[in-house]
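Everything on this sheet refers to the single structure shown next.
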Amino acid sequence: MIASTKTPSCLSLFLLHSSSLSLKLLNMAEATQSNAELFEWPKEDRRRFLHAVYRVGDLDRTIKFYTEAFGMKLLRKRDVPEEKYANAFLGFGPEQSHFAVELTYNYGVTSYDIGTGFGHFAIATPDVYKLVEDIRAKGGIVTREPGPVKGGSSVIAFVKDPDGYMFELIQRASTPEPLCQVMLRVGDLERSIKFYEKALGLKVVKRVDRPEYKYTIAMLGYAEEHETIVLELTYNYGVTEYTKGNAYAQVAIGTDDVYKSAEVVNIVTQELGGKITRQPGPLPGLNTKITAFLDPDGWKTVLVDNEDFLKELE
């Protein structure tokens, strides 16, 4: 018996192709709808900047300087000899409600390279002039004397801590969050703004272009600049890359769901760059759920489960 040698008709091929195309379009539509729903999550999530993490060469020296010169409080301290490091959390209020710095000391390492990308932290104070004198008396280095910003009314100053980290001091009559800025330099400001808006649900609360000084800044936060901590992104005209060094590490942000938050970040990194460096899940020993990622410029953010974080503080 001879097998049939009939070939599919043009109509059959057309119908088969049309069916396949329709299925692909349906899948794309469903994926688009799913993504749209995911992108609403960062706006609904209870997000808050928790702390900035960076390395110092002498933990006790830095604690002494921050408490005596800046007026911070030592919130908690821990030593992990089996992993050869210690860290300390300092700030102007309890970690349950305030932003803090997490200082890390690695045994035997006395200095670090801050790099060219990290800019500064900022502290708001009612009297910049007095704070500068207190810092100077404690051995701090004043790199800009207090005074008004050129072309503006804000009074600021800049000082360095013992490890060379820069702090901007900003005069404000009152503020619920004295530790108020983390400044990082980026190579493409519009891309960075889009990334942080989509991945973290941040919003631009202030933008300033200074063509006379060839830079533009954008401040992003979860509330207005005077109410909370903001991430200050700086673009210097024509500069697209910076060195990261090994001193500054990351910022941590609280989330109600690290798994869903990681899904959003994963989609955004595919569109704008960056990558997830730690898949969502509990940390060994602590059981605190986190996920970590890099933005398009290589700056790291860690998302921390809100409930787990509060348990750490108990």
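Listing for the model above:
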item: Flag if THR240 is exposed (fewer than 15 other Cβ atoms within 10 Å of the Cβ), in a strand (DSSP E or B) and out of contact with any Lys or Arg (no Cβ under 6 Å at 6 or more places or on another chain); result: no
item: Identity of the residue in segment 87-101, open to solvent by less than 10 Å² (accessible area, probe 1.4 Å) and either among the hydrophobic types (A, V, I, L, M, F, W, C) or more than 22 Å from the chain's Cα centre (by Cα) (or both), that ends up farthest from ALA69 (Cα to Cα); result: PHE99
item: Scan of segment 180-208 for residues that are under 22 Å from ALA124 (Cβ atoms) and either more than 14 Å from the chain's Cα centre (by Cα) or of a type in the set (Val, Ile, Thr) (or both), ordered by number; result: VAL182, VAL204, VAL205, LYS206, ARG207, VAL208
item: Residues within segment 147-168 that are touching a residue at least 24 places away in the same chain (Cβ under 8 Å) and out of contact with any Lys or Arg (no Cβ under 9 Å at 6 or more places or on another chain), tallied; result: 4
item: Number of the exception - VAL205 against (1) under 28 Å from TYR112 (Cβ atoms); (2) surrounded by fewer than 21 Cβ atoms within 10 Å (Cβ to Cβ); (3) touching a Gly at 6+ places or on another chain (Cβ under 6 Å); result: (1)
item: Residue, farthest from MET219 (Cα to Cα), within segment 119-161, restricted to residues that are open to solvent by 40 Å² or more (accessible area, probe 1.4 Å) and assigned to a strand (DSSP E or B); result: ILE141
item: Criterion violated by LEU184 - all others in (1) out of contact with any Gly (no Cβ under 8 Å at 6 or more places or on another chain); (2) in a strand (DSSP E or B) satisfied; result: (1)
item: Number of positions in segment 252-292 that are among the polar types (S, T, N, Q), touching a Leu at 6+ places or on another chain (Cβ under 7 Å) and assigned to a strand (DSSP E or B); result: 3
item: Segment 41-83, residues that are more than 22 Å from CYS180 (Cβ to Cβ), among the basic types (Lys, Arg) and surrounded by fewer than 14 Cβ atoms within 10 Å (Cβ to Cβ); result: LYS43, ARG78
item: Out of LEU272, LEU303, sole residue that is closer than 15 Å to VAL186 by Cβ, at pLDDT 95 or above and among the hydrophobic types (A, V, I, L, M, F, W, C); result: LEU272
item: Selection within segment 162-176 - in a loop (DSSP other than H, G, I, E, B) and in contact with a Phe, Trp or Tyr (Cβ under 6 Å, 6 or more places away or on another chain); result: PRO162
item: Residues that are without any contact (Cβ under 8 Å) to a residue 40 or more places away in the chain, over 21 Å from ALA173 (Cβ atoms) and in a loop (DSSP other than H, G, I, E, B), drawn from segment 207-226; result: PRO211, GLU212, TYR213, LYS214
item: Residues located in segment 116-150, provided they are within 23 Å of PRO176 (Cβ to Cβ) and of a type in the set (Lys, Arg); result: LYS130
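The values are calculated or read from the model by the stated rules, or taken from the named source; none is laboratory data. Given the structure is predicted, the values throughout are model-derived calculations rather than measurements. Virtual Cβ from ideal backbone geometry, glycine too; neighbours counted across all protein chains shown. Quick note on the areas: whole protein, heavy atoms, side chains included, nothing else; ligands and nucleic acids left out. Shrake-Rupley method; radii C 1.70, N 1.55, O 1.52, S 1.80 Å.
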